[in-house]
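Remarks on the structure that follows.
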Amino acid sequence: MRRRQFVLASGIGAVAALSGCLGSDSSPPPRKSSVITNFEMQSGSLVIDLVDNPWLMSRYDGNQGSAGMLSPVGIANAKGKNGGGGGRGATGRGSGSYSSAPRTGHGYAWYHGGGYADDWYDDHDDEVTRYQVAIATLGIAYLGSTAQMQDDAPDAGAVPWDKTFQNPSGTVEYDVSGRSDFSRDGWYRVGANVMDADSNHDFRWECFDLEIDSGVGDGFSIDEEWKVSPRI
């Protein structure tokens, strides 16, 4: 199976990359959530395993009108520049930093995640609530090539979806090989629009960016899996 080879930054480039990963501002970390347990390619289809009892952490207290007030990253506009960089935490989608990125509980590389996140959650424990949620819509979209991701990756939030599934549960399959415009290497976003299971409050989108690589014949593999959540 063909794998992309990335050139590691060195010298000044390495310092810049480290600065982009660690950052120095005081932005809060991405919100924690559990909505999708696994991605897998099977016979040309992207197989998505959804969590049986999805949840997320939020500072929403039931009185605010919009979750967007608490999630400044990418709610209204998901487009970003230079890999969606800015702020502290790991930002290296498509730039070769996947292996060293911090991981979520399900093993995904954590966009804007990092060691500071646990400290922030400990310091703000009394402000955060864990909500049981339901997935109202699952969306899938092609984002572009690795070069396009390096130049103009979307930040957290919805993008124009190529395919949506309403009220999904269990396992969702999407045929990548069956569409000529999708039968190529590149990055794809899978997004879950999550709603509070009790009040139906809209918590907007939890997203995952996947680099899918085509090999010999109809073979596909997933090279990178990033969890892209709005900041809490």
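Beta carbons closer than 6 Å, at least 6 apart along the sequence or on distinct chains, pair a first residue in region 185-209 that is of a type in the set (Lys, Arg) with a second that is surrounded by 24 or more Cβ atoms within 10 Å (Cβ to Cβ) for 189/207; 189/209. Just one of the listed residues (148, 132) is farther than 23 Å from residue 38 by Cα and in contact with a Phe, Trp or Tyr (Cβ under 9 Å, 6 or more places away or on another chain), namely 148.
Scanning region 95-103 for residues that are part of a loop (DSSP other than H, G, I, E, B), modelled with pLDDT under 95, of a type in the set (S, T, N, Q) and touching a helix residue (DSSP H, G or I) at 6+ places or on another chain (Cβ under 9 Å) turns up at least one hit. For region 156-167, give me each residue that is surrounded by 15 or more Cβ atoms within 10 Å (Cβ to Cβ) and assigned to a loop (DSSP other than H, G, I, E, B). Those that are surrounded by 15 or more Cβ atoms within 10 Å (Cβ to Cβ) and assigned to a loop (DSSP other than H, G, I, E, B): 156, 157, 158, 159, 161, 162.
Total residues in region 200-232 satisfying the condition of being modelled with pLDDT under 95, assigned to a loop (DSSP other than H, G, I, E, B) and of a type in the set (Gly, Ala, Ser): the figure is 3. Checking each residue in region 173-196 for being modelled with pLDDT under 90 and of a type outside the set (Val, Ile, Thr) picks out 175, 177, 178, 179, 180, 181, 182, 183, 184, 185, 186.
Please specify each residue of region 125-146 satisfying the condition of being free of Cβ contacts under 8 Å to residues at least 24 places away in the same chain and farther than 23 Å from residue 53 by Cβ. Scanning region 125-146 gives a single hit, 126. Determine whether region 146-155 contains at least one residue that is closer than 20 Å to residue 27 by Cβ and either assigned to a helix (DSSP H, G or I) or at pLDDT below 85 (or both). For region 146-155, residues closer than 20 Å to residue 27 by Cβ and either assigned to a helix (DSSP H, G or I) or at pLDDT below 85 (or both): absent.
The values are calculated or read from the model by the stated rules, or taken from the named source; none is laboratory data. None of these values were measured; they are calculated from a predicted model. Using ideal geometry, Cβ is built from the backbone for each residue, glycine included, and neighbour counts are taken over all protein chains shown.
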